[in-house]
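Quick notes on the structure that follows.
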Amino acid sequence: MYSISKKIKISKQASIVKNHFINDEIIPSAATKFTCCDCGHQNTIEIFPYETGFPIFQIYNEDKVLSKNELLKNKIVTETSQRMAHFGDVTVHDLPTLYFGADCRVCHSKYICVFSYGEKQPGLTVLNISGIWKYEELE
């Protein structure tokens, strides 16, 4: 897992086995598999709360990696409701939103995973993976 700092272009969305985790399903981590769009290999990703990921703001800040419009157009995130604006302009389900880069273990295609994590209400902690998208680095 790594941060992405170069401009990218989103291509296809990979299929994910499971994208919604609650309470005990998150401890010690949330693990799922995604299928590579190029070679069909099933890759495993594991998200450790408060350890995995980088703030989504790093992606759209000054359009360094992707513009906010590209994130919205590809349905990677949605605009944050006013009551949760302290989490940033865009989020996944109005919770703190993070991302990380991952590679297919077989063909080394590059992917971006976007997810949110937080307490939705007292006693209900949720981790939602918005999706995993194949991307190409732009020159």
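The values are calculated or read from the model by the stated rules, or taken from the named source; none is laboratory data. Small disclaimer: the values here were computed from a predicted structure and weren't measured. Cβ coordinates were reconstructed from backbone atoms using ideal geometry, including for glycine residues, and neighbour counts include every protein chain displayed. Each accessible area value is taken on the protein alone, full model and side chains, heavy atoms only, with ligands, DNA and RNA left out. Shrake-Rupley method; radii C 1.70, N 1.55, O 1.52, S 1.80 Å.
Kindly indicate whether any position in the range 84-98 is open to solvent by less than 70 Å² (accessible area, probe 1.4 Å) and touching a residue at least 60 places away in the same chain (Cβ under 8 Å). No, there is no match, as no residue in the range 84-98 is open to solvent by less than 70 Å² (accessible area, probe 1.4 Å) and touching a residue at least 60 places away in the same chain (Cβ under 8 Å). For the range 61-76, a residue qualifies if it is in contact with a Gly (Cβ under 9 Å, 6 or more places away or on another chain) and among the hydrophobic types (A, V, I, L, M, F, W, C), and exactly one does: Ile76. For the condition out of contact with any Cys (no Cβ under 6 Å at 6 or more places or on another chain) and within 15 Å of Ile129 (Cα to Cα), Phe87 does not qualify.
Listed by first and then second residue, the pairs with beta-carbon distance under 8 Å, at least 6 apart or on different chains, first residue in the range 20-40 and within 11 Å of Cys104 (Cα to Cα) and among the β-branched types (Val, Ile, Thr), second open to solvent by 40 Å² or more (accessible area, probe 1.4 Å) and not in a strand (DSSP E or B), are Thr35/His41.
Only residues that are among the hydrophobic types (A, V, I, L, M, F, W, C) and surrounded by 18 or more Cβ atoms within 10 Å (Cβ to Cβ): list them for the range 49-67, please.
Scanning the range 49-67 gives Ile56, Ile59, Val65, Leu66.
With respect to the conditions (1) at pLDDT 95 or above; (2) open to solvent by 10 Å² or more (accessible area, probe 1.4 Å), Gly101 falls short on a single one, namely (2).
Flag: Pro55 does not match the condition of being of a type outside the set (A, V, I, L, M), at pLDDT below 95 and under 14 Å from the mean Cα position of the chain (by Cα).
Cβ-Cβ contacts under 9 Å between residues 6 or more apart (or on different chains), taken from a first residue in the range 109-137 that is surrounded by fewer than 17 Cβ atoms within 10 Å (Cβ to Cβ) to a second residue that is charged (D, E, K, R) and outside any strand (DSSP E or B), are listed as Lys120/Asp94; Glu137/Lys6; Glu137/Lys7.
Let's see how each residue does on (1) over 22 Å from Leu127 (Cβ atoms); (2) in contact with a strand residue (DSSP E or B) (Cβ under 7 Å, 6 or more places away or on another chain); (3) not hydroxyl-bearing (Ser, Thr, Tyr):
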{"residue": "Lys6", "(1), (2), (3)": "yes, yes, yes"}
{"residue": "Gln13", "(1), (2), (3)": "no, yes, yes"}
{"residue": "Asp24", "(1), (2), (3)": "no, no, yes"}
{"residue": "Cys37", "(1), (2), (3)": "yes, yes, yes"}
{"residue": "Gly40", "(1), (2), (3)": "yes, no, yes"}
{"residue": "Gln58", "(1), (2), (3)": "no, no, yes"}
{"residue": "Lys73", "(1), (2), (3)": "yes, no, yes"}
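For Glu46, the requirement of being under 21 Å from Ala14 (Cβ atoms) and open to solvent by 20 Å² or more (accessible area, probe 1.4 Å) is met. Of all residues in the range 68-83, those that are open to solvent by less than 40 Å² (accessible area, probe 1.4 Å) and more than 12 Å from the chain's Cα centre (by Cα) total 2.
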